[in-house]
Amino acid sequence: MVTERDFKDLMADVCTPVAVVTAMADGLPHGTTVGSLTSLSLRPPMVTVALEHRSRLLPKILGAERFGVNLLGAGQAGVARAFASSAPDRFEEADWCLDDGLPRLREAPGWLGCHLQRYVVGGDHLLLLGLVTRVAGTRAVAPLVYGRRTFGTHSAFAQENTRSITDHIAAFAH
(Lines give C-alpha, C1' and ligand atoms only; values in the text may rest on other atoms or scores of the structure.)
Protein backbone atom coordinates (compact mmCIF):
# COMPACT_ATOMS: atom_id res chain seq x y z
CA MET A 1 0.00 0.00 0.00
CA VAL A 2 1.22 3.51 -0.84
CA THR A 3 1.31 5.85 2.13
CA GLU A 4 0.70 9.57 1.80
CA ARG A 5 4.20 10.24 3.19
CA ASP A 6 5.89 7.90 0.68
CA PHE A 7 4.02 9.52 -2.20
CA LYS A 8 4.80 13.08 -1.04
CA ASP A 9 8.47 12.25 -0.49
CA LEU A 10 8.85 10.77 -3.97
CA MET A 11 6.92 13.57 -5.68
CA ALA A 12 9.10 16.15 -3.89
CA ASP A 13 11.84 15.10 -6.32
CA VAL A 14 9.75 16.24 -9.30
CA CYS A 15 10.46 19.85 -10.24
CA THR A 16 7.36 21.82 -11.11
CA PRO A 17 6.86 25.30 -12.56
CA VAL A 18 5.58 27.88 -10.10
CA ALA A 19 2.71 30.17 -11.03
CA VAL A 20 0.14 32.35 -9.32
CA VAL A 21 -3.38 31.62 -10.56
CA THR A 22 -5.78 34.55 -10.27
CA ALA A 23 -9.44 35.45 -10.71
CA MET A 24 -11.75 38.40 -10.07
CA ALA A 25 -14.86 38.05 -7.92
CA ASP A 26 -17.11 40.76 -6.51
CA GLY A 27 -14.71 43.39 -7.84
CA LEU A 28 -11.75 42.00 -5.88
CA PRO A 29 -8.63 40.13 -7.02
CA HIS A 30 -7.97 36.63 -5.69
CA GLY A 31 -5.00 34.36 -6.23
CA THR A 32 -2.96 31.42 -5.05
CA THR A 33 0.37 29.77 -5.82
CA VAL A 34 0.31 26.51 -7.77
CA GLY A 35 2.94 24.03 -8.82
CA SER A 36 0.64 22.11 -11.11
CA LEU A 37 0.72 24.15 -14.31
CA THR A 38 1.04 22.11 -17.50
CA SER A 39 0.53 22.87 -21.16
CA LEU A 40 -2.18 20.61 -22.53
CA SER A 41 -2.74 21.45 -26.19
CA LEU A 42 -1.35 23.63 -28.95
CA ARG A 43 -4.44 23.54 -31.20
CA PRO A 44 -6.28 25.10 -29.47
CA PRO A 45 -3.83 26.51 -26.90
CA MET A 46 -4.79 25.03 -23.52
CA VAL A 47 -3.26 24.63 -20.07
CA THR A 48 -4.20 22.73 -16.94
CA VAL A 49 -3.87 23.71 -13.29
CA ALA A 50 -4.99 21.75 -10.26
CA LEU A 51 -6.58 23.29 -7.17
CA GLU A 52 -7.59 21.59 -3.95
CA HIS A 53 -11.32 21.22 -3.36
CA ARG A 54 -10.96 23.42 -0.26
CA SER A 55 -9.17 26.21 -2.16
CA ARG A 56 -10.77 29.63 -1.60
CA LEU A 57 -9.92 30.51 -5.21
CA LEU A 58 -11.69 27.53 -6.75
CA PRO A 59 -15.32 28.75 -6.34
CA LYS A 60 -14.30 32.13 -7.73
CA ILE A 61 -12.89 30.53 -10.89
CA LEU A 62 -15.86 28.19 -11.26
CA GLY A 63 -18.22 31.16 -10.93
CA ALA A 64 -16.36 33.45 -13.34
CA GLU A 65 -15.31 30.65 -15.71
CA ARG A 66 -12.06 32.57 -16.26
CA PHE A 67 -8.63 32.66 -14.66
CA GLY A 68 -5.19 34.16 -15.12
CA VAL A 69 -1.87 32.37 -14.84
CA ASN A 70 1.13 34.43 -13.75
CA LEU A 71 4.31 32.50 -14.56
CA LEU A 72 6.93 33.35 -11.95
CA GLY A 73 10.62 33.79 -12.66
CA ALA A 74 13.76 33.00 -10.71
CA GLY A 75 14.02 35.43 -7.82
CA GLN A 76 10.26 35.51 -7.18
CA ALA A 77 10.14 32.93 -4.39
CA GLY A 78 8.83 35.67 -2.07
CA VAL A 79 5.85 36.23 -4.35
CA ALA A 80 5.22 32.48 -4.46
CA ARG A 81 5.33 32.28 -0.64
CA ALA A 82 3.04 35.29 -0.24
CA PHE A 83 0.36 33.81 -2.51
CA ALA A 84 0.75 30.37 -0.90
CA SER A 85 -0.02 31.86 2.52
CA SER A 86 -3.46 32.05 4.07
CA ALA A 87 -3.26 35.86 4.32
CA PRO A 88 -6.65 37.34 3.48
CA ASP A 89 -5.36 40.04 1.10
CA ARG A 90 -2.47 38.62 -0.87
CA PHE A 91 -2.63 41.48 -3.38
CA GLU A 92 -1.96 44.19 -0.80
CA GLU A 93 1.81 44.08 -1.33
CA ALA A 94 1.72 42.94 -4.97
CA ASP A 95 2.19 45.23 -7.96
CA TRP A 96 -0.73 44.15 -10.13
CA CYS A 97 -3.15 45.38 -12.77
CA LEU A 98 -6.22 44.14 -14.61
CA ASP A 99 -5.46 42.56 -17.95
CA ASP A 100 -8.48 41.46 -19.96
CA GLY A 101 -10.49 41.68 -16.71
CA LEU A 102 -8.14 39.34 -14.78
CA PRO A 103 -5.51 40.13 -12.12
CA ARG A 104 -2.01 40.15 -13.58
CA LEU A 105 1.17 40.49 -11.53
CA ARG A 106 3.25 43.15 -13.29
CA GLU A 107 6.59 41.57 -12.38
CA ALA A 108 5.67 38.07 -13.59
CA PRO A 109 7.73 37.25 -16.70
CA GLY A 110 4.74 35.67 -18.43
CA TRP A 111 0.97 35.77 -18.18
CA LEU A 112 -1.92 33.79 -19.64
CA GLY A 113 -5.59 34.71 -19.70
CA CYS A 114 -7.79 31.60 -19.78
CA HIS A 115 -11.43 30.61 -20.18
CA LEU A 116 -12.39 27.57 -18.14
CA GLN A 117 -13.39 24.86 -20.62
CA ARG A 118 -14.10 22.11 -18.11
CA TYR A 119 -12.83 20.57 -14.92
CA VAL A 120 -12.10 17.02 -13.88
CA VAL A 121 -12.28 15.67 -10.34
CA GLY A 122 -9.01 14.05 -9.31
CA GLY A 123 -8.94 12.88 -5.71
CA ASP A 124 -8.75 15.92 -3.43
CA HIS A 125 -8.20 18.31 -6.37
CA LEU A 126 -10.03 19.66 -9.39
CA LEU A 127 -8.04 19.74 -12.61
CA LEU A 128 -9.02 22.90 -14.49
CA LEU A 129 -8.68 22.88 -18.27
CA GLY A 130 -8.26 26.39 -19.58
CA LEU A 131 -8.42 27.70 -23.12
CA VAL A 132 -5.68 30.33 -23.46
CA THR A 133 -7.19 33.52 -24.88
CA ARG A 134 -4.37 35.95 -24.12
CA VAL A 135 -0.58 35.75 -23.71
CA ALA A 136 1.51 38.63 -22.39
CA GLY A 137 4.98 39.17 -21.07
CA THR A 138 7.21 36.24 -22.01
CA ARG A 139 10.36 38.07 -20.91
CA ALA A 140 13.49 35.95 -21.14
CA VAL A 141 13.85 35.17 -17.45
CA ALA A 142 14.78 31.80 -15.98
CA PRO A 143 11.66 30.12 -14.58
CA LEU A 144 10.96 29.67 -10.88
CA VAL A 145 10.56 25.98 -10.10
CA TYR A 146 9.80 24.03 -6.95
CA GLY A 147 11.61 20.78 -6.22
CA ARG A 148 12.91 19.00 -3.15
CA ARG A 149 10.65 21.33 -1.13
CA THR A 150 12.56 24.44 -2.15
CA PHE A 151 12.30 27.20 -4.76
CA GLY A 152 15.01 27.66 -7.35
CA THR A 153 15.68 27.34 -11.03
CA HIS A 154 17.19 24.57 -13.07
CA SER A 155 17.48 26.44 -16.31
CA ALA A 156 20.41 26.44 -18.71
CA PHE A 157 19.29 30.00 -19.47
CA ALA A 158 20.10 31.00 -15.88
CA GLN A 159 23.56 29.44 -16.17
CA GLU A 160 24.23 31.14 -19.53
CA ASN A 161 22.99 34.45 -18.16
CA THR A 162 25.27 34.15 -15.12
CA ARG A 163 28.23 33.20 -17.36
CA SER A 164 27.48 36.13 -19.66
CA ILE A 165 27.49 38.60 -16.76
CA THR A 166 30.71 37.07 -15.37
CA ASP A 167 32.37 37.24 -18.82
CA HIS A 168 31.24 40.85 -19.22
CA ILE A 169 32.63 41.83 -15.82
CA ALA A 170 35.93 40.05 -16.56
CA ALA A 171 36.23 41.77 -19.94
CA PHE A 172 35.47 45.17 -18.40
CA ALA A 173 38.09 44.68 -15.66
CA HIS A 174 40.85 44.14 -18.25
Checklist entry - Given labels modelled 7 Å from the Cα in the Cβ direction, how far is it in nm from R56 to V2? => result 3.1
Next on the checklist: Test of understanding: what is the full-extension gain from V135 to L10, defined as 0.36 nm times their sequence separation minus their Cα-Cα distance?
Outcome noted: 41.7 nm
Checklist outcome for this item: Once phi for every residue in the range 128-134 is put through the Karplus expression 6.51 cos²θ - 1.76 cosθ + 1.60 (θ = phi - 60°), the whole-Hz ³J(HN,Hα) values, with Gly and Pro written as x, are 9, 9, x, 7, 6, 10, 8
Checklist entry - Counting only protein heavy atoms, what percent of the accessible surface of the range 1-111 is carbon or sulfur at a 1.4 Å probe? => result 55
Next on the checklist: Quick query: amide H of G73 versus all other amide H atoms, modeled in the peptide plane; which residues come in under 5 Å with a sequence gap of 5 or more or a different chain?
Outcome noted: L144
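The values are calculated or read from the model by the stated rules, or taken from the named source; none is laboratory data. These numbers come from a predicted model, not from an experiment. As a convention, Cβ positions derive from the backbone with ideal geometry for all residues, glycine included, and neighbour counts pool all protein chains shown. Each accessible area value is taken on the protein alone, full model and side chains, heavy atoms only, with ligands, DNA and RNA left out. Shrake-Rupley method; radii C 1.70, N 1.55, O 1.52, S 1.80 Å.
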